[in-house]
Amino acid sequence: NCSSADAEKDDLQELLHTLEQHKSWDSRPLVRYERIWLPVMLFRPILTSQKHFKAEGTDIILTTMPKSGTTWLKALTFSIANRNVFSIHQSPLLSYNPHTLVPFLEYTIYRDQDNPELENIPRPRIFSTHMPFKILPDSIRESECRIIYICRNPLDQFVSHYHFMLQNKIEKDAIPLELDEVFDMFCQGIQPFGPFWDHMLGYWNAHLKNPQKVLFLKYEDLKQDISSHIKKIAEFIGFPFSAEEENQGMIEQISRLCSFENLKNLEVNKSGYFIGSIKNSSFFRKGEVGDWVNHLTPAMAERVKNLTETKFQGSGLVF
Ligand code: A3P
């Protein structure tokens, strides 16, 4: 009811005021919650979804750091799970951006609502989030639902994020920081949903603990061999390809439909907007591995390499 919802909002507002804040790369504020830097604008949606979202056993939750392959993973998972509902030639991906088809809990579903209607979504429901593992809604961790995580070389993720921010300067008077300055913040872990190594390690450890529950993917591996990863995702979510589908070239068709070139050139992705202000086109920049060499110095790369090695030491995770 209304008054308990208002009380909940007041509590969150109060909590927000007790937490440390820092200017983000795009001058918008970040707040430090549970040692994670969250965009202040997402604080309420995140905490509300934590409290209210009820995962079901058949749900599929796609989890990422921003700019790590979220859009691609959404397109692939949606196409794999719905291949018997829509033919490839009539795929909703041809008319809708992947972020419309697979909504974020924090940017979309809980953005303005405490109790959104999620009952009528066809099963399996596919949702996404940038939340680190440790602050996921309990029901996601506790139910039988599946989690797919994709991460990416931190240097490419950083470069991709920097360009995304420049593409989507939202506030007129926002002063974008210089690359050096942003890079320094990145190395300190100050970035949306950062530190990046904690984000990766959270899902990595969850995957090691329960590989049936958490699939751990790397962007670079998908770039190298998309077909085997489409099969892997299909098996993981309980929709394996039949021999007949394989013979008919279904995997190749999904791979082509979801390819960078194909999605980038669709009208909806050339002209549309996501949550009002973010250009759909900004989700499709270069789609390459190793573009960081064109933007970062060897010394910067060395700094991240050393940092990553130290943080990942003993975890079995390598980048
Ligand atoms: P670049 O900026 O390096 O090009 P996210 O989807 O998590 O926001 O990540 C965006 C990054 O993924 C961008 O990287 C974007 O170009 C790339 N990308 C988007 N769609 C892709 C696809 N279908 N295949 C490969 N890369 C894709």
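The values are calculated or read from the model by the stated rules, or taken from the named source; none is laboratory data. This is a predicted model, so every value here is computed, not measured. Ideal geometry is used to build each Cβ from the backbone, glycine not excepted, and the neighbour counts take in all protein chains shown.
Per-residue answers, yes or no, for (1) more than 10 Å from the ligand (Cβ to nearest atom); (2) within 16 Å of E235 (Cα to Cα); (3) charged (D, E, K, R):
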site	(1), (2), (3)
L73	no, yes, no
R83	yes, yes, yes
H89	yes, no, no
T100	yes, no, no
F104	yes, no, no
So I121 passes all but one of these: (1) more than 16 Å from the ligand (Cβ to nearest atom); (2) of a type in the set (V, I, T); (3) in a helix (DSSP H, G or I). Which condition number does it fail? (3)
Single residue of region 243-266 satisfying the filter (in contact (Cβ under 8 Å) with a residue 40 or more places away in the chain and in a loop (DSSP other than H, G, I, E, B)) that is nearest to the ligand (Cβ to nearest atom): C258
Evaluate region 57-64: report whether one residue or more is over 18 Å from the mean Cα position of the chain (by Cα) and surrounded by fewer than 24 Cβ atoms within 10 Å (Cβ to Cβ). yes
Restricted to region 269-309 and to residues being of a type in the set (A, V, I, L, M) and at pLDDT 95 or above, the residue nearest to the ligand (Cβ to nearest atom) is V289
Write out, first by first residue and then by second, each pair whose Cβ atoms fall under 7 Å of each other, whose residues are 6+ apart or on separate chains, and whose first residue, in region 123-148, is of a type in the set (F, W, Y) while the second is in a strand (DSSP E or B). F127/I61
Residues located in region 67-111, provided they are over 13 Å from the mean Cα position of the chain (by Cα), in contact (Cβ under 8 Å) with a residue 12 or more places away in the chain and in a loop (DSSP other than H, G, I, E, B): R83, V85, S91, S95, Y96, N97, Y110, R111
Residues in region 271-285 that are surrounded by 13 or more Cβ atoms within 10 Å (Cβ to Cβ) and either among the β-branched types (V, I, T) or without any contact (Cβ under 8 Å) to a residue 12 or more places away in the chain (or both): how many? 2
